[in-house]
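Trainee: Have a look at this one before I ask anything.
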Amino acid sequence: GVLFWPEGAARDPGAIARGPAAIASREVAPGSVFWGLKGPRHDGSDFADDAFARGAAGAVVSKPVDVPADRWALMVDATQEALRQWATWKRRHFTGTVIAVTGSVGKTTTRQMIHTVLKSRLRGTASPRNYNNHVGVPLSMTQLEPDHDYAVLELGASRRGEIAALAELSAPKVGVITHVGDAHLGGFGSRHAIAETKAELLAVLPPDGHAVLGDDPWLRRMARGCQAPITWVGHTDQCDMAATDVQSASGMLSFRVHDCGFSVPVWGRHHLTSALLA
């Protein structure tokens, strides 16, 4: 790539590593790095001026742009590939634990619950919103910092091979799968294909990693090849963490696991699996 600096500006290459990432200029906050990705109808590089006006510290673009004082721009051939390479670099230098969450339902809630639990005692990050595709996952990974203990990344897929690609990029040590349902069935053809896709996450886990899985018959079949130890959660005696005395009323889900009681401020029993996974 070609790095453009305004004349007379202090040249600090480390500035590229700072600030949250944004791909929509309207979402830029002061100090953000704006990534001008190409879409089917627009080239994000055309909105670099607006991003700078909103306080972006720098921009990654595919064409020359005007750079205000004390800002920078990096021009590359392909901004999407540059984002993937930057995410790869961030992951390579990250020493915390990466936790990847996927599943047909409940993955966003599960990701949020895991982050809520961990951040009470540790320092880390999680995917913002449902950033779970080929753009969202590398964007989430730009938030990785050397002093983070963990990162919780949400992985989504609409066809086979997508989870495998995202898992290869994020290299998780812990894999969490909620459930195999018939969401996006048209893109897969069968629930068996969906189960195989979700199980792509298990294939990348190292032997010293860990898998935490919702009690699902499809997952039971697909998990046989997992090298990492597995913890099963649910409400049957086949689970390592089995919930009993489950109650849901007035915005509170309560249950017991062994001799420990839990109360989670959510509406509905359908959040039980997410709470157990967290």
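The values are calculated or read from the model by the stated rules, or taken from the named source; none is laboratory data. Note that the structure is predicted; figures quoted are calculated from it, not measured. Note that each Cβ is placed from the backbone with ideal geometry, even for glycine, and that neighbours are counted across all protein chains shown. Just so you know, the surface numbers come from the protein's heavy atoms only, side chains and all, with ligands and any DNA or RNA stripped out. Shrake-Rupley method; radii C 1.70, N 1.55, O 1.52, S 1.80 Å.
Trainee: Within the range 136-153, is there a residue that is in contact with a helix residue (DSSP H, G or I) (Cβ under 8 Å, 6 or more places away or on another chain), of a type outside the set (D, E, K, R), over 17 Å from Phe94 (Cβ atoms) and buried (at least 19 other Cβ atoms within 10 Å of the Cβ)?
Mentor: No - not one qualifying residue is present in the range 136-153.
Trainee: Cβ-Cβ under 7 Å, sequence separation 6+ or interchain: first residue in the range 218-241 and farther than 13 Å from Val257 by Cα and free of Cβ contacts under 8 Å to residues at least 60 places away in the same chain, partner open to solvent by 50 Å² or more (accessible area, probe 1.4 Å) and among the basic types (Lys, Arg). Which pairs?
Mentor: Trp218/Arg191
Trainee: Now for a separate question. For the range 202-230, give me each residue that is touching a Pro at 6+ places or on another chain (Cβ under 9 Å), open to solvent by less than 20 Å² (accessible area, probe 1.4 Å) and outside any strand (DSSP E or B).
Mentor: Correct list: Leu205, Gly209, Ala228.
Trainee: Going by what's in this entry, would Ala249 be described as without any contact (Cβ under 8 Å) to a residue 12 or more places away in the chain and aliphatic (A, V, I, L, M)?
Mentor: Judged against the criteria, Ala249 is a match.
Trainee: Among the strands (runs of 3 or more DSSP E) confined wholly to the range 44-108, which include 3 or more residues that are farther than 28 Å from Val152 by Cα and in contact (Cβ under 8 Å) with a residue 60 or more places away in the chain?
Mentor: By residue number, 72-75.
Trainee: OK, next. Tell me which of these Pro30 doesn't satisfy, since it passes every other one: (1) modelled with pLDDT of 85 or more; (2) open to solvent by less than 40 Å² (accessible area, probe 1.4 Å).
Mentor: That leaves (2) as the condition not met.
Trainee: Confirm whether Gly175 is open to solvent by less than 40 Å² (accessible area, probe 1.4 Å) and at pLDDT 90 or above.
Mentor: yes
Trainee: Gln227: in contact with a Leu (Cβ under 7 Å, 6 or more places away or on another chain) and polar (S, T, N, Q), yes or no?
Mentor: yes
Trainee: Let me ask you something else. Looking at (1) surrounded by fewer than 17 Cβ atoms within 10 Å (Cβ to Cβ); (2) of a type in the set (Val, Ile, Thr); (3) assigned to a strand (DSSP E or B), which is the only condition Val233 fails?
Mentor: With (1) surrounded by fewer than 17 Cβ atoms within 10 Å (Cβ to Cβ); (2) of a type in the set (Val, Ile, Thr); (3) assigned to a strand (DSSP E or B) applied to Val233, the lone miss is (1).
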